[in-house]
Structure formats: structure tokens, C-alpha cells
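Right, one structure below, let's go through it.
The values are calculated or read from the model by the stated rules, or taken from the named source; none is laboratory data. Only a predicted model underlies this, so the values are computations on that prediction, with no experimental measurement involved. Here the Cβ is made from the backbone with ideal geometry for all residues, glycine too, and neighbour counts use every protein chain on show.
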Amino acid sequence: MFCVISPAVSLVSFSRYLLTAGAATCVDIALVQGLLSFDLLHHQQFLALAIMAGALAGMSVNFALLRRYVFSADSRPARQQFFSFIVISLTTLGLRLVVAYALVALFALPILAWIGLLPMPAAAERIAHLGSVGVVTIYSFLAHKHISFGGGVLNRFAGRATVVS
């Protein structure tokens with residue numbers, strides 16, 4: 001059964017999510033952008049490696065921040081909750097990769113070819129990475145709220161995440 005949450009609580013929790021996940025995303029983006037600065041890593045085949053390294057670094061801080069400042073711990077042991085968090089984070093990573101590569105392909109179209117001419121190494125890959133982070137933010141919030149911190153997949157329909165007051 002779904003419980004109705006007031007829009008104000010949802011806005012507050014989403015705002016907190018944006019701040020805490022934003023801190024983890026800064027770690028992610030700094031690492032990816034740094035890796036793309038190396039000549040070897042600015043080729044498209046290395047984009048996935050750079051994105052995965054950044055995502056894993058961001059995950060290392062994201063769980064603790066979300067659990068402390070956004071969502072209350074559910075009734076499961078922390079180990080099970082962390083496992084749900086990792087599964088959702090990996091699906092988010094997969095979605096980011098799909099979106100990033102789709103954007104790189106889109107930027108290869110003649111009408112957008114000017115992006116590759118920007119005066120920075122791996123311009124299309126950098127912009128694709130930033131775009132993919134933005135696109136998956138709402139999915140990530142909802143999945144973490146309802147699964148990672150909402151009792152897990154098996155308990156998904158029995159309850160919901162509790163927002164920290």
C-alpha cells in the first residue's frame with residue numbers, strides 16, 4: 001500500500017537528496033574529468049572506464065550521506081540496506097553509461113559536430129558525462145527512496161522510506 005506524502009516533505013527530501021548526492025557527485029565528476037584529462041583516456045572506449053571509476057568513488061560517500069541526512073534506516077540490517085543501495089547504484093551506473101554513449105553518438109551528428117571542436121580534450125565525452133549525470137538524478141532519487149531506504153525490493157510494496165526530519 002502506498003502512503004501519500006505531502007509535497008512539502010517530498011520537496012524537502014528531494015532538496016536534501018540533491019545536496020548530499022551532489023557532494024558525492026562532485027567526487028564522481030572530479031575523478032572522471034581528471035581522468036579524461038589524460039591523453040590516453042579521452043578516447044570513447046575509455047569513457048566507460050572513467051565513468052565507472054567516478055561512480056564507484058561517488059558511491060563510497062553517497063550511502064553514508066543519504067542514510068544520515070535524507071532517509072532513515074529501515075528495519076533491515078545495515079548490510080542488507082547497503083546491498084540494496086549498491087544494486088540501485090549499479091543500475092544507475094548502467095543507465096548513465098547508456099545515456100552517455102547515446103549523447104556521444106548524438107554529438108557525432110553533423111548538426112552537433114561543433115561540440116567536438118570545442119577547445120578542450122574530449123569535449124563531447126565531457127559534455128555527455130555531465131548530461132548523463134543530470135538525466136539519471138530523478139531515477140536515482142526515486143529508486144533509493146523506495147528500494148535502498150524503503151525496505152528493499154521484497155518489502156517495496158509493504159512500506160516506504162522514512163524521511164529524516
Study note, to complete from the structure: Selection from the stretch 1-23 of residues at pLDDT 75 or above and either hydroxyl-bearing (Ser, Thr, Tyr) or in contact with a Ser or Thr (Cβ under 8 Å, 6 or more places away or on another chain) (or both) yields Ser10, Ser13, Ser15, Tyr17, Leu18, Thr20, Ala21
Point to revise | Of residues in the stretch 49-59 being within 13 Å of Val27 (Cα to Cα) and over 12 Å from the mean Cα position of the chain (by Cα), the one surrounded by the most Cβ atoms within 10 Å (Cβ to Cβ) | key: Ala50
Point to revise | Any hit, the stretch 63-76, residues being more than 21 Å from Val32 (Cα to Cα), of a type in the set (Val, Ile, Thr) and surrounded by 13 or more Cβ atoms within 10 Å (Cβ to Cβ) | key: yes
Revision key, fill the gap. The condition from (1) closer than 27 Å to Ser15 by Cα; (2) at pLDDT 85 or above; (3) buried (at least 21 other Cβ atoms within 10 Å of the Cβ) that Gly150 misses is numbered (2)
Exercise for review: Would you check which residues across the stretch 10-35 are polar (S, T, N, Q) and over 19 Å from Ala53 (Cβ atoms) and list them?
Suggested key: Ser10, Ser13, Ser15, Thr20
Check your understanding: Within the set of pairs 6 or more residues apart or between chains, which connect a residue that is in contact (Cβ under 8 Å) with a residue 12 or more places away in the chain inside the stretch 89-112 to a residue that is exposed (fewer than 14 other Cβ atoms within 10 Å of the Cβ) with Cβ atoms less than 8 Å apart?
Key -> Phe107/Ala113
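Each row is one residue, and each column tells you yes or no for (1) part of a loop (DSSP other than H, G, I, E, B); (2) touching a His at 6+ places or on another chain (Cβ under 9 Å); (3) exposed (fewer than 13 other Cβ atoms within 10 Å of the Cβ); (4) not hydroxyl-bearing (Ser, Thr, Tyr).
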site: Thr92; (1), (2), (3), (4): no, yes, no, no
site: Ala102; (1), (2), (3), (4): no, no, no, yes
site: Pro119; (1), (2), (3), (4): yes, no, yes, yes
site: Ile127; (1), (2), (3), (4): no, no, no, yes
site: Leu130; (1), (2), (3), (4): no, no, no, yes
site: Val135; (1), (2), (3), (4): no, no, no, yes
